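*Asks:* Sharing a structure here in structure tokens format.
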Amino acid sequence: MKNAVIKQGGRTVIAMAHVPALPGSPDYKLHEGMQKLHDWVGRDIEALQSGGVDAIMFGNEFDRPYVLKAPPEGLAALTAVVTEAKKT
């Protein structure tokens, strides 16, 4: 596989980039806007990559209270953040 993450015979480190509260979440700060999300995740990714991780996954643990159905604006925001992050 060209982009295989799991190393043959070695250890694989998969890390988490945490996304701040997303639009639609009670803790989202509208006045800080989407740029804060992009900047925050960008810093996480830089730190993780410089630490030598093999793969990065994304989580939005800051969206509280947890709900069973994510609001569409939060899904759209997370998609935008991850899409932008893929470019780095």
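Each reported figure results from applying straightforward, stated rules to the coordinates on display, with no laboratory input. In this text, all values refer to a predicted model and were calculated from it rather than measured experimentally. Positions of Cβ are generated from backbone atoms using ideal geometry, with glycine treated the same way; all protein chains shown enter the neighbour counts.
*Asks:* If I go through segment 18-39 residue by residue, how many of them are surrounded by fewer than 17 Cβ atoms within 10 Å (Cβ to Cβ) and either on the phi > 0 side of the Ramachandran plot or not aliphatic (A, V, I, L, M) (or both)?
*Replies:* Counting residues in segment 18-39 that are surrounded by fewer than 17 Cβ atoms within 10 Å (Cβ to Cβ) and either on the phi > 0 side of the Ramachandran plot or not aliphatic (A, V, I, L, M) (or both) gives 12.
*Asks:* Those residues that are touching an Asp or Glu at 6+ places or on another chain (Cβ under 9 Å) and either in contact (Cβ under 8 Å) with a residue 60 or more places away in the chain or assigned to a loop (DSSP other than H, G, I, E, B) (or both), I need them from segment 17-32; list them, please.
*Replies:* Ala17, Val19, Pro20, Ala21, Leu22, Pro23, Gly24, Ser25, Pro26, Asp27, Tyr28
*Asks:* May I ask you to list pairs of residues, at least six apart or on different chains, whose Cβ atoms are under 9 Å apart, with the first in segment 55-67 being touching a residue at least 12 places away in the same chain (Cβ under 8 Å) and the second being of a type in the set (Phe, Trp, Tyr)?
*Replies:* So the pair list comes out as Phe62/Tyr28; Asp63/Tyr28.
*Asks:* Please verify whether Ile14 is closer than 20 Å to Lys86 by Cβ, within 12 Å of the chain's Cα centre (by Cα) and either surrounded by 12 or more Cβ atoms within 10 Å (Cβ to Cβ) or without any contact (Cβ under 8 Å) to a residue 40 or more places away in the chain (or both), treating the condition exactly as stated.
*Replies:* no
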